[in-house]
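A quick write-up on the structure given underneath.
The values are calculated or read from the model by the stated rules, or taken from the named source; none is laboratory data. Only a predicted model underlies this, so the values are computations on that prediction, with no experimental measurement involved. Virtual Cβ from ideal backbone geometry, glycine too; neighbours counted across all protein chains shown.
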Amino acid sequence: MRIGISTASGPPSDVMTWSGTPAHLLRHLRARGTDVIEIHPKRRTGYFVANNLSNLTARFNLKVNWEVERKYVANLTRTAVASAKSANCDVLVAMGWIPYCRLKEELPVLYWGDATIGQRLDKAPHWSNLSRRTRDRAESFERQAFGRLDAVVMASHWAVVDVQERYGISPEKVKRIPFGANITDPGLSSRRWNGATLRILTVGVKWHRKGIDTAVLAVDALKRSGLDVRLDVVGVRPPDSTWERPYVRYWGFLSKEDEDDAAVLSNLYATRDIFLLPTRNDPFCLVVAEAAAFGMPVISTDTGGVPERIDRGGILVPVESPPSVFAEAIRKVVTDEVEYERFSLGAVQDFHDRTSWPTSSEQLLELCRSMVDFSRGVNGDSMEGA
């Protein structure tokens, strides 16, 4: 079986494409000997125009998103399917964009995502400040697109339920396969906290959406209680000087593609004690899984797909909880060395059980095999009856 992996914004193997998720999938599929072909169907001129139109209109708070323009996406889909067929692929997997298929394609086509557009409207930055055109088309496009696909795969039960309830898609067509963590497994079992300075890490590129403001205020509360605490913030810098603290360090954006930045980020994961992310909206938080891989107990919020990342290795609190609630959750984790090590061990177990690329890639392979077998069976029956 040969699988085509299709992306729209960049090559699937590029770690900058869709947060590196397709690249990590490719790596793990190929490591297990799977025949995988990269399908990058964007037409340079067409995609350049469509993407720049979205960017330009976003500046005026009237964003036109090409992802829900049927004619454009249908053309992109035909190009992707033709490329997959010419490469003798048996199945096509789209990541980062939703194909708009004809009623019947020449090979099975599935989409693998982390949330519906309906769940993202007015919440995710990419789906905010939309034009009336995009807003009016978004959910009707997604309903029709999902209905035409051979399978809709979501990374969380939260998103699977939304596909079924919002759009009435048959449960037999909707599958749940979590994304793995986009990080090399450091091979840890658990870690200990020495009870001295508490070092907290938070990672997020959106100040408000990721709750970085709440993280800083939670550390303020811990500091006032007499705890010796430090906070490292990766991904974003404060909006103004009022957020500067002698015990808070802002690293800005660290790119995994840059060798030096990647080393700094890896060291922060390896040497900090607690991962804190008071996120206000997150379909399937990758950084939570990255922290868990390093045995960091995680304090985050009960939103979107985040609860499906965290079980034994952390504490979830309600969205928009005050900083004091996050501070109290942190205190619970660091009550003593035994309690901390229990959470650390749980984090590593969560990483392997809930966010493992080897497990997720095997689940995808099983789904693709069943789709290909079904497609061949149907086509075979049709030919026999001709």
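In this structure, is Glu341 surrounded by fewer than 18 Cβ atoms within 10 Å (Cβ to Cβ) and either in the same structural domain as Trp18 (by TED's automatic domain parsing) or under 30 Å from Asp122 (Cα atoms) (or both)?
Criteria not met by Glu341.
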Got a sec? Which of Arg199, Arg249 is of a type outside the set (S, T, N, Q) and surrounded by fewer than 16 Cβ atoms within 10 Å (Cβ to Cβ)? Arg249
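When you check Ala8 against the structure, is it surrounded by 18 or more Cβ atoms within 10 Å (Cβ to Cβ) and either part of a helix (DSSP H, G or I) or not assigned by TED's automatic domain parsing to the domain that holds Arg102 (or both), yes or no?
For Ala8, the condition - surrounded by 18 or more Cβ atoms within 10 Å (Cβ to Cβ) and either part of a helix (DSSP H, G or I) or not assigned by TED's automatic domain parsing to the domain that holds Arg102 (or both) - is not met.
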Lone qualifier among Asn51, Asn61, Asn55 - being among the polar types (S, T, N, Q), in contact with a helix residue (DSSP H, G or I) (Cβ under 8 Å, 6 or more places away or on another chain) and either part of a helix (DSSP H, G or I) or under 30 Å from Leu121 (Cα atoms) (or both): Asn51
Specify which of the listed residues (Ile5, Ile39) is under 18 Å from the mean Cα position of the chain (by Cα) and modelled with pLDDT of 90 or more. Ile5
I'd like to verify a number: residues in segment 99-128 that are in a loop (DSSP other than H, G, I, E, B) and either touching a Ser or Thr at 6+ places or on another chain (Cβ under 9 Å) or crowded, with 16+ Cβ neighbours inside 10 Å (or both), how many? 14
List, please: which pairs have Cβ atoms under 6 Å, are six or more places apart or on different chains, and start with a residue in segment 196-223 that is in the same structural domain as Ala124 (by TED's automatic domain parsing) and end with one that is surrounded by fewer than 21 Cβ atoms within 10 Å (Cβ to Cβ) and hydroxyl-bearing (Ser, Thr, Tyr)? none
Quick check: anything in segment 301-316 surrounded by fewer than 20 Cβ atoms within 10 Å (Cβ to Cβ), within 22 Å of Ala196 (Cα to Cα) and at pLDDT 95 or above? yes
Considering only segment 141-182, state which residues are in a loop (DSSP other than H, G, I, E, B) and not small (Gly, Ala, Ser). Leu149, Asp150, Ile169, Pro171, Glu172, Lys173, Ile177, Pro178, Phe179, Asn182
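Matching residues to (1) more than 22 Å from the chain's Cα centre (by Cα); (2) crowded, with 16+ Cβ neighbours inside 10 Å; (3) within 25 Å of Val333 (Cβ to Cβ):
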{"position": "Ala221", "(1), (2), (3)": "yes, yes, yes"}
{"position": "Leu227", "(1), (2), (3)": "yes, no, yes"}
{"position": "Gly235", "(1), (2), (3)": "no, yes, yes"}
{"position": "Asn267", "(1), (2), (3)": "yes, no, yes"}
{"position": "Phe275", "(1), (2), (3)": "no, yes, yes"}
{"position": "Asp282", "(1), (2), (3)": "no, yes, yes"}
